[in-house]
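Undergrad: Pasting a structure below so you can have a look.
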């Protein structure tokens with residue numbers, strides 16, 4: 001199975017073949033999916049605090065990361081991140097997606113193939129989600 005064969009939930013996040021559904025596994029912890037509001041219903045303060053809010057255009061995202069727009073398109077084609085689209089059809093990236101893209105760039109710069117980098121990032125995100133869930137469940 002390749003990275004692009006992994007199924008996605010309705011919101012575009014990765015899910016394991018045996019465990020589909022919204023927010024199931026990486027990238028993107030499920031608690032973020034559950035608390036994420038539609039952009040139109042969020043206040044300015046909520047948008048500012050929401051790391052999943054698609055605040056950055058492709059050009060701005062590329063500038064922040066020091067990459068080309070083609071690199072961001074390649075991550076979309078590899079299905080590592082799926083940016084939301086503006087009403088005009090332009091890609092919009094969240095801070096969370098920028099962190100994923102930055103990690104992918106680091107790995108590619110270190111010589112890791114794109115498909116391998118995608119799988120590693122997905123596994124890292126799954127591990128982080130599991131740790132956060134475990135920590136929440138262990139609190140009294």
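Undergrad: Going by the conditions given, is residue 111 assigned to a loop (DSSP other than H, G, I, E, B) and at pLDDT 95 or above?
TA: Yes: the conditions hold for residue 111.
Undergrad: Continuing with this model, one more query. Does residue 40 meet the test of being modelled with pLDDT of 50 or more, assigned to a helix (DSSP H, G or I) and within 28 Å of residue 113 (Cα to Cα)?
TA: Against the criterion (modelled with pLDDT of 50 or more, assigned to a helix (DSSP H, G or I) and within 28 Å of residue 113 (Cα to Cα)), residue 40 does not qualify.
Undergrad: For region 73-108, how many residues are part of a loop (DSSP other than H, G, I, E, B) and over 25 Å from residue 47 (Cβ atoms)?
TA: Total meeting the criteria: 2.
Undergrad: Anything in region 106-131 that is touching a helix residue (DSSP H, G or I) at 6+ places or on another chain (Cβ under 9 Å) and touching a residue at least 60 places away in the same chain (Cβ under 8 Å)? List them, or say none.
TA: 115, 118, 119, 121, 122, 124, 125, 129 - these are the residues of region 106-131 that are touching a helix residue (DSSP H, G or I) at 6+ places or on another chain (Cβ under 9 Å) and touching a residue at least 60 places away in the same chain (Cβ under 8 Å).
The values are calculated or read from the model by the stated rules, or taken from the named source; none is laboratory data. Model, not experiment: these values are computed from the prediction. Ideal geometry is used to build each Cβ from the backbone, glycine not excepted, and the neighbour counts take in all protein chains shown.
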